[in-house]
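A short write-up of the structure that comes next.
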Amino acid sequence: MARDASVCVFGEDVRVAVSNVTAGLAKRFGPERVLDTPISEQAFTSFATGAALVGLRPLVEFQIPSLLFLAFEQIANQAHKFSLMSGGQARVPVTYLLPGSGSRESWAGQHSDHPYGLFAHVGVKTVVPATPSDAYGLLLSALRDDDPVVVFAPAGALGVREDVDLAALGPVPLGRGRVHRSGTDVTVVAVGHLVHEALSVAEELAGRVSVEVFDPRTLHPLDRAGLAASLARTGRLVVLDDSNRSCGFAAEVLATAAEGRGCGPRRAG
């Protein structure tokens with residue numbers, strides 16, 4: 001926000017930073033750029049689309065993941081399609097930031113969705129960081145992107161801590177995965193907080209099975225080349241994903257590998 005005066009923040013209780021994401025922003029940048037909105041996700045999501053069309057770069061914060069269902073039409077059918085229908089003449093640089101839930105205790109039935117697969121399915125840029133440095137870099141890239149980007153902050157990873165050099169932090173390109181651990185026997189593709197589960201299991205199996213942990217980071221566009229390179233090294237694939245199983249992201253990864261676009265040579269044994 002200090003670098004780009006067009007960046008602004010919309011959402012419920014963002015000035016008091018209920019989720020702690022926007023702490024200090026209202027005091028630093030003023031109420032004109034940090035705007036508390038009425039409790040109507042459909043209204044302020046559409047408001048952000050209009051603001052983006054006239055030159056602003058809004059970040060919209062949602063407090064729980066299921067609220068995206070209320071605003072799905074505004075994102076998938078309006079913000080996402082303006083540039084397509086205008087032949088690229090219109091740009092809608094909106095970032096939607098929200099907690100992802102999935103297999104998280106005590107969030108109740110209506111708060112436990114992790115609907116990143118819906119947005120990847122319709123072609124909206126969708127990112128799910130697993131570490132603090134990736135969260136910083138992916139959010140930065142999302143804010144600078146000229147298209148709508150949905151950023152899920154997995155609730156299960158919010159407690160992860162990392163020593164970082166603030167001066168060295170920078171944008172993480174959208175559409176590029178990350179190998180957290182190299183291996184030769186099997187590729188484990190893990191999403192969000194499940195990256196840390198995969199790394200824990202890989203460490204436990206060290207000496208018996210060489211596990212490569214691949215974090216796509218961006219679900220759409222998917223880093224197919226990175227996935228292919230990993231599978232070329234291992235020839236085997238396991239996917240960890242706690243979103244909806246039916247028509248979900250795990251199925252897309254498995255289908256990509258099975259179609260040969262991301263499958264390396266098989267080894268005997």
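Numbers at a glance
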| read-out | value |
| --- | --- |
| Accessible surface of segment 1-132, 1.4 Å probe, proportion on carbon and sulfur as whole % | 56 |
| Where 10, 72 fall by accessible area, highest first, once all protein chains stay in place (1.4 Å) | 72, 10 |
| Label-to-label distance, nm, for residues given as residue 111 and residue 224 (7 Å Cα→Cβ offset) | 3.9 |
| Globularity index of the chain, i.e. its alpha-carbon radius of gyration over 2.2 N^0.38 Å | 1.03 |
| Cα-based helix-to-principal-axis angle, 41-53 vs the chain, degrees rounded to 10 | 80 |
| Evaluated at q = 0.24, 0.27 Å⁻¹: base-10 log I(q)/I(0), Debye formula over Cα of segment 1-71 | -1.11, -1.31 |
| Per-peptide average of other Cβ atoms within 10 Å, ordering 163-170, 128-135, 152-159 highest first | 128-135, 152-159, 163-170 |
| Sum of -39500 (n - 2.57) over DSSP H runs of 4+, divided by residues of the chain (222 nm, nearest 500) | -8500 deg cm²/dmol |
| Modelled label reach - residue 36, point 7 Å along Cα→Cβ, segment 47-75 residues with backbone N closer than 20 Å | 47-48, 59-64 |
| Estimated inter-spin distance, residue 179 and residue 86, nm [label 7 Å along Cα→Cβ] | 4.2 |
| Projected label distance in nm at residue 78 and residue 232, using a 7 Å step from Cα toward the beta-carbon | 4.5 |
| For residue 96, distant residues with modelled amide H under 5 Å away | 60, 149, 150, 151 |
| Helix 132-144 axis, angle to the chain major axis (alpha carbon atoms, nearest 10°) | 50 |
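The values are calculated or read from the model by the stated rules, or taken from the named source; none is laboratory data. Since the model is a prediction, treat every value here as computed from it, not as a measurement. With ideal geometry, Cβ positions are generated from the backbone for all residues, glycine too; neighbour counts draw on all protein chains shown. Just so you know, the surface numbers come from the protein's heavy atoms only, side chains and all, with ligands and any DNA or RNA stripped out. Shrake-Rupley method; radii C 1.70, N 1.55, O 1.52, S 1.80 Å.
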